[in-house]
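Written out below as structure tokens is the structure these notes cover.
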Amino acid sequence: TQLLEQSPQFLSIQEGENLTVYCNSSSVFSSLQWYRQEPGEGPVLLVTVVTGGEVKKLKRLTFQFGDARKDSSLHITAAQPGDTGLYLCAGSSNTGKLIFGQGTTLQVKP
Amino acid sequence: KAGVTQTPRYLIKTRGQQVTLSCSPISGHRSVSWYQQTPGQGLQFLFEYFSETQRNKGNFPGRFSGRQFSNSRSEMNVSTLELGDSALYLCATSSGSSYNEQFFGPGTRLTVL
């Protein structure tokens with residue numbers, strides 16, 4: 001069974017701080033996605049990474065896919081209260097299903 | 001394009017009842033997936049429909065079923081509700097890209113009393 005483990009589960013930081021969220025697995029994924037979910041809404045796709053070692057930047061967010069395509073990280077620079085939410089990673093499994101991590105709840109205090 | 005819509009947004013049922021949830025996909029999206037989200041288990045895959053056929057299925061009991069219509073709209077049904085079925089049920093649609101990128105609706109919050 002392919003699993004994705006995210007860490008940390010919870011993160012509470014002050015505005016302006018940097019943070020990194022990790023998504024790890026013992027399995028190889030053909031691609032990996034990151035979503036953000038705000039209360040009362042469904043997850044929204046942020047990025048898809050597909051190549052081992054790939055780095056993608058989305059304003060203050062930097063996403064990296066591990067060389068072996070088993071892990072990924074999300075780094076946020078100078079976090080803002082608007083970054084608050086649940087961050088989910090999801091990998092495309094060998095059965096075609098998306099496997100989601102448990103999520104990281106981020107709270108950015110002003 | 002209009003986003004994914006789900007109805008109803010909130011639902012309260014009692015144990016033993018059944019419930020039907022509806023999802024209208026983004027225009028042109030033929031794949032519809034359903035997920036259950038709870039604080040303890042996170043986001044868990046229920047099933048996926050494509051062109052009116054179930055293409056993938058998660059590890060949920062047979063009380064959970066779904067279907068897709070010719071216009072790609074989908075419904076999921078839960079029979080004989082249990083307290084543990086209380087959750088946010090999310091529908092997600094996909095254009096069929098090889099990366100299976102999901103576009104989620106706002107969800108239906110089901111509470112079973």
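The figures follow:
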| read-out | value |
| --- | --- |
| Accessible-area order (highest first, 1.4 angstrom probe) of the listed residues B:Tyr89, B:Tyr99 | B:Tyr99, B:Tyr89 |
| Cα-only Debye scattering, chain A: base-10 log of I(q)/I(0) at q = 0.11, 0.21 Å⁻¹ | -0.31, -1.10 |
| Proximal aspartates and glutamates relative to A:Lys97, as straight alpha-carbon distance under 18 Å, when same-chain residues fewer than 8 apart are discounted | A:Glu5, A:Asp71, B:Glu48, B:Glu52, B:Glu101 |
| Percentage relative contact order, chain A, counting C-alpha pairs under 8 Å, at least six apart | 37 percent |
| At most 15 other Cβ within 10 Å, DSSP loop - GluC sites (Glu not before Pro), region B:1-97 | B:Glu52, B:Glu82 |
| Probe 1.4 Å, protein heavy atoms only - accessible area per residue of chain B in square angstrom | 48 Å² |
| For the protein assembly as shown, the fraction of alpha-carbon pairs in successive 5 Å shells from zero, as % | 1, 7, 15, 18, 18, 16, 12, 7, 3, 1, 0 |
| Magnitude of the charge dipole, chain B, Cβ model with Lys/Arg +1 and Asp/Glu -1, debye to 20 | 160 debye |
| Alpha carbon convex hull of chain B, volume per residue in cubic angstrom | 95 Å³ |
| Cα-centre dipole for region B:30-75 with unit charges at Cβ (Lys and Arg positive, Asp and Glu negative), debye to 20 | 60 debye |
| Solvent-accessible area, 1.4 Å probe, carbon plus sulfur percent, for the protein assembly as shown | 49 percent |
| Protein accessible surface hidden between B and A, which excludes ligands and nucleic acids, total in Å², probe 1.4 Å | 1500 Å² |
| Kirkwood-Stokes translational diffusion coefficient of region A:59-98, alpha-carbon pairs, 4 °C, 1.567 mPa s, µm²/s | 106 µm²/s |
| Residues along region A:65-97 losing 40 Å² or more of accessible surface when the other protein chains are present rather than the chain by itself (probe 1.4 Å) | A:Lys97 |
| Positions from region B:44-68 whose accessible area shrinks by 30 Å² or more when the full protein complex is built, not the chain alone, probe 1.4 Å | B:Phe45, B:Asn56 |
| Nearby lysines by direct alpha-carbon distance to B:Lys13 (threshold 28 angstrom, same-chain neighbours under 8 apart not counted) | B:Lys57 |
| Span from the region B:64-88 Cα centroid across to the region B:23-55 one, whole angstrom | 10 Å |
| By accessible area with a 1.4 Å probe, ligands and nucleic acids excluded, highest first: order of A:Leu86, B:Leu90 | A:Leu86, B:Leu90 |
| Top of B:Phe103, B:Phe47, B:Phe69 by mean-square fluctuation, Gaussian network on chain B, Cα under 10 Å | B:Phe69 |
| Solvent exposure of region A:35-90 as accessible area per residue, Å², 1.4 Å probe | 45 Å² |
| Region A:1-40: GluC sites (Glu not before Pro) falling in loop per DSSP and having at most 15 other Cβ within 10 Å | A:Glu15, A:Glu17 |
| Cα pair distances exceeding 14 angstrom across region B:1-67, given as percent | 67 percent |
| Members of region B:82-113 that become less accessible by 40 Å² or more once partner protein chains are added (1.4 angstrom probe, chain alone as reference) | B:Tyr99, B:Asn100, B:Glu101, B:Gln102, B:Phe104 |
| Among A:Pro81, B:Gln68, A:Leu19 the positive-end extreme of the charge dipole of the protein assembly as shown (Cβ point charges) | B:Gln68 |
| Exposed-site-free run, longest, chain A (rule: trypsin sites (Lys or Arg not before Pro); DSSP loop; at most 14 other C-beta within 10 Å) | A:1-58 |
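The values are calculated or read from the model by the stated rules, or taken from the named source; none is laboratory data. Owing to the predicted nature of the structure, the values given are computational and were not obtained by experimental measurement. Backbone-built Cβ (ideal geometry, glycine too); neighbour counts: all protein chains shown. Side chains included, ligands, DNA and RNA excluded: accessible areas come from the protein's heavy atoms. Shrake-Rupley method; radii C 1.70, N 1.55, O 1.52, S 1.80 Å.
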